[in-house]
Amino acid sequence: MRLNSLSALLGLATVAIVAVAPAQAAPSTYQVGSGTTSLQLDKAALDALASLGLKFDSAFGSVPPATGFGLGFAINPDTDFTFSYDATTQAFVPLGGTIEHSGGIKFAVDEAKLSYPSSLEVGDFSIGFDKGFFLRDTLTTGLRLFDLVPTGNPTLSEGVLTVPGFDVKVAQQFNDSLSAATTAGTDLSLTGAKLGTAKLVAKKVPEPGVVFGLLAVTGTLLAAKGRRLNKSFK
């Protein structure tokens, strides 16, 4: 069964982000900090994967997902994805880095259809940008599984970044791996097949400049207090 017949694969990411440029700069630069990526796998998607020889078994290392979603994966401290946003023009530009996650999904493999191990785990997912957004499995295969194509303009309002939607499409590497693993060894021609949609919502936390400023003020006050205490003992 061709995967482009699937109806939906929904994702929601809620993350904290750290500003790494002064708030008054335009555009400002931000870095993803922490949060959760949530997924909802559609039954049609699972059935189609099973027809190819990949049957969903379970999730591991998951965390509570967002309301309305089935699976949640925590964003790791190793995350270093940065982007700029111009409040005047509402221009959103990915600058580099990746959004790293813990946990993953286990599949039971029909070895009569695919020459994969009888049990396949993919996870510790990494979302990055290289001429477009993508999601990669870093746990076992190293494959770029899906391409994430924005369907709306990102906005940053009252400290919340919202990317209203992505189309989730089969990446070339995933298609090539599945094709090579089929018993017939034929190209499944799944590259670009739409699996569903995704959505990103990110919360902003205090800028490092603000934090450092508070620490400096605190240090100054403590130093002054220390000097007063020293004088009182002389």
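The values are calculated or read from the model by the stated rules, or taken from the named source; none is laboratory data. All values reported here derive from a predicted model rather than from experimental measurement. All Cβ positions, glycine included, derive from the backbone under ideal geometry; neighbour counts span all protein chains shown. Note: accessible area is taken over every heavy atom of the protein model, side chains too, but ligands, DNA and RNA are not part of it. Shrake-Rupley method; radii C 1.70, N 1.55, O 1.52, S 1.80 Å.
Calculate what fraction, in whole %, of the accessible area of the stretch 134-203 sits on carbon and sulfur atoms when a 1.4 Å probe is rolled over the protein chains. Write out the running numbers ahead of the final one.
Numbers: 1640 of 3160 Å².
Carbon-and-sulfur percentage of accessible area, whole number: 52.
Report the net charge of residues surrounding GLY128, where surrounding means a beta-carbon distance below 15 angstrom and charges are Lys +1, Arg +1, Asp -1, Glu -1.
On the way: positive: LYS131, ARG136, ARG144; negative: ASP78, ASP80, GLU100, ASP124, ASP130, ASP137, ASP147.
Around GLY128, the charge tally is -4.
Beyond 19 Å, what percent of the Cα pairs of the stretch 53-205 remain?
Values: 6905 of 11628 pairs.
Beyond 19 Å sits 59 percent of the P(r) for the stretch 53-205.
Could you run the Karplus curve 6.51 cos²θ - 1.76 cosθ + 1.60 with θ = phi - 60° over the stretch 142-156 and give me ³J(HN,Hα) per residue in whole Hz, x for Gly and Pro?
Computed from phi, the couplings for the stretch 142-156 are x, 7, 7, 7, 9, 9, 10, 9, x, 10, x, 7, x, 10, 10 Hz.
Listed here are the pairs LYS55/LYS131; LYS43/LYS169; LYS43/LYS194; LYS106/LYS131; LYS131/LYS194; which of them are more than 21 Å apart at the Cα? Walk me through the intermediate numbers first.
Numbers: LYS55/LYS131 31 Å; LYS43/LYS169 17 Å; LYS43/LYS194 15 Å; LYS106/LYS131 29 Å; LYS131/LYS194 18 Å.
Long pairs (Cα-Cα over 21 Å): LYS55/LYS131; LYS106/LYS131.
If you take the beta carbon distance between ASP130 and ALA87 as r and set R0 to 22 Å, what does 1/(1 + (r/R0)^6) give as a FRET efficiency, to the nearest 0.05? Don't skip to the end; give the middle numbers.
Details: r = 26 Å, r/R0 = 1.20.
Once the sixth-power term is evaluated, E becomes 0.25.
Taking Cα centroids, how far is the stretch 23-72 from the stretch 101-116 in Å?
The stretch 23-72 and the stretch 101-116 have Cα centres separated by 17 Å.
Solvent-accessible area per residue for the stretch 108-197 at a 1.4 Å probe radius, Å²? It would help to have the intermediate numbers written out before the result.
Working: 4230 Å² over 90 residues.
About 47 Å² of surface per residue is accessible.
What is the calculated FRET efficiency for LYS106 to THR151, with r their C-beta to C-beta distance and R₀ = 30 Å, to the nearest 0.05? Don't skip to the end; give the middle numbers.
On the way: r = 30 Å, r/R0 = 1.00.
Once the sixth-power term is evaluated, E becomes 0.50.
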